[in-house]
1. Count, for each residue of B:292-300, the Cβ atoms from other chains sitting within 10 Å of its Cβ, then give me the mean as a whole number.
2. Can you pull the one-decimal nm distance between simple spin-label points at B:GLN325 and B:GLU247, each 7 Å off the Cα toward Cβ?
3. Taking the beta-carbon count within 10 Å as an exposure proxy, list A:HIS135, A:HIS29, B:HIS58 from fewest neighbours to most.
4. For B:PRO324, what charge total do you get from the other residues with a beta carbon under 14 Å from its beta carbon, if Lys and Arg give +1 and Asp and Glu give -1?
5. When Cβ neighbours within 10 Å are restricted to other protein chains, what is their mean count per residue of peptide B:167-176?
6. Can you order the peptides B:297-306, B:245-254, A:98-107, B:126-135 by their average number of other Cβ atoms within 10 Å per residue, highest first?
7. A 30 angstrom limit on the alpha carbon distance is what I want to check against. Which of B:LYS123/B:LYS253; B:LYS123/B:LYS166; B:LYS166/B:LYS232 exceed it?
8. Only Cα pairs under 8 Å and at least 6 apart count here; give the relative contact order of the range B:231-331 as a rounded whole percent.
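Quick note: the coordinates plus some simple rules give every number you see, no bench work behind them. Note that the structure is predicted; figures quoted are calculated from it, not measured. Ideal geometry is used to build each Cβ from the backbone, glycine not excepted, and the neighbour counts take in all protein chains shown.
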Amino acid sequence: MTCTEIRRYLSDYLEGTLAPEQAQQVERHLQTCITCAQECRALEWVPLLLGQWSPPVPSEQIWAGIEARLRAGSAWQVAPTERTSRLPWRVFTRWLPAATLAAVAVSALIALFVWRAQPTYLPLNGSYSSYWQAHRQWARSGGTSELYPYVEAQ
Amino acid sequence: MQTMKARWLAWVMVWLVLSLSGCHRQTTLTHAPAIWKQAILSDANRTCQMEVQVQIPHSEQLPALLKVYRPHPDYTEIIEQGAESCLIGGREYRPATYLTESERIRWLPLERRCIVIPRLPGKSIEAYIQQLFERNVRLREVERAEWQGKQWTVVEAWVEGGYLRKRYWITTSSAPYVGRIQTYNPQGTLLCDEQRFRYQPLPISATPPAPPMPPSDWKIERPVQLGPFDPKLGFKLSRYQPPKGYERVEVLKRSCPCGGEHFAVGALYSNGLDSFTLFLLPAECPDAQRADRRLRLSEQPEGVVATIRLADGRALLLVGEIQPQYAAQMMSGE
């Protein structure tokens, strides 16, 4: 059976409703196919979770709490409008162009500094994990003591 | 009088420069107990059985639990419990069970177990790396700590101009051994925390046990082929000088790690603590064709990967534990 066929049977296999012969075929395939085995592990929780799940019933206290928070929210919305109306807008608008110019100049300086500090090489694209594995496998055969190459970070 | 003053001043300056440049530290390190080095160097050969927890904090990977059984220095059986995938020595996400040049691996996805039985390691390479370790590695005591109800001396090891710093937790007992290894990169990121539990020394068996034959249903996923080595290729690589402290440990013509049918030349460099590989990819390799005439380099927590395409269509690829600026210097030899 192909992977596609196996996946079609996975739910039935997990629920134990497959014919013994078919179940054996699925099992044999799962022993050797990592992708289907992962799929199977992802699915194996579903029947268990569905069996345990029951919809939550909201209590009376929850509604009281929501109402209280709504009231507090509407009170909070009033305060900022009062505060903002007192802002010295004229002073602010007078200095706005100068402040913008200063910010642009500082940003340009920072950008120039960062650009100059860039290394001369270009960033690498693509995955080279197979080369990492090859390197680690080789380095490991040299007798270094660490075990971390055995769990390659993905 | 003036010349006398000048001479004194010169001496003071020399002393200051030497102290600040680390010579003082080196003096103290040469007196580091030989017992630490012995414990670290014999770590890979100790006959023992233990459980090991390997954590890679910078990744999202869950801790790996390994059972290690080593009845002889040349034979180790490692079983990874609860393995989500087996990425050892092969391509990622490929079905399942395969052999490689250096080890037999059996990956049982449904049982979440990964069994590794390495073959004999290259003894000459191992000895060479140990020599480099003896020569280059500096040690200093960082702290004394209590862990698992025992007293440990935490010893930091590094090589000047190298990449990794490793903290070895060594018992203060009469037969010291390493119980924990923490690996850091130059930015201070903890790359790996390897903790050993239930350590039990084993009596050395007279000969290494014969590895079990693989079951008939094992699939050989990616056998590593060795090609005839042409000395000219070694010469070609020798124009790329490694940074100070690193030396070329081995050069091989082998099947290309990209997984293609062609061969690639690979050279392993080490300074005793850090290692990297320089691959010379043939022009027909898709990764060589993808490479740029300008150096491209990516810094990863574990080290660097760098590529450059040569004028004749082949490409250089460097992978491993080396500081990016040294990798760039080395590969600009073209």
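1. Across the residues of B:292-300, the mean count of other-chain Cβ atoms within 10 Å is 4.
2. Result: 2.6 nm between the two label points.
3. Ranked by crowding around the Cβ, least crowded first: B:HIS58, A:HIS29, A:HIS135.
4. Overall, the nearby charge balance is -3.
5. Partner Cβ neighbours, averaged per residue: 0.
6. For the peptides B:297-306, B:245-254, A:98-107, B:126-135, the packing ranking is B:297-306, B:245-254, B:126-135, A:98-107.
7. In this structure, B:LYS166/B:LYS232 exceed 30 Å between Cα atoms.
8. 22
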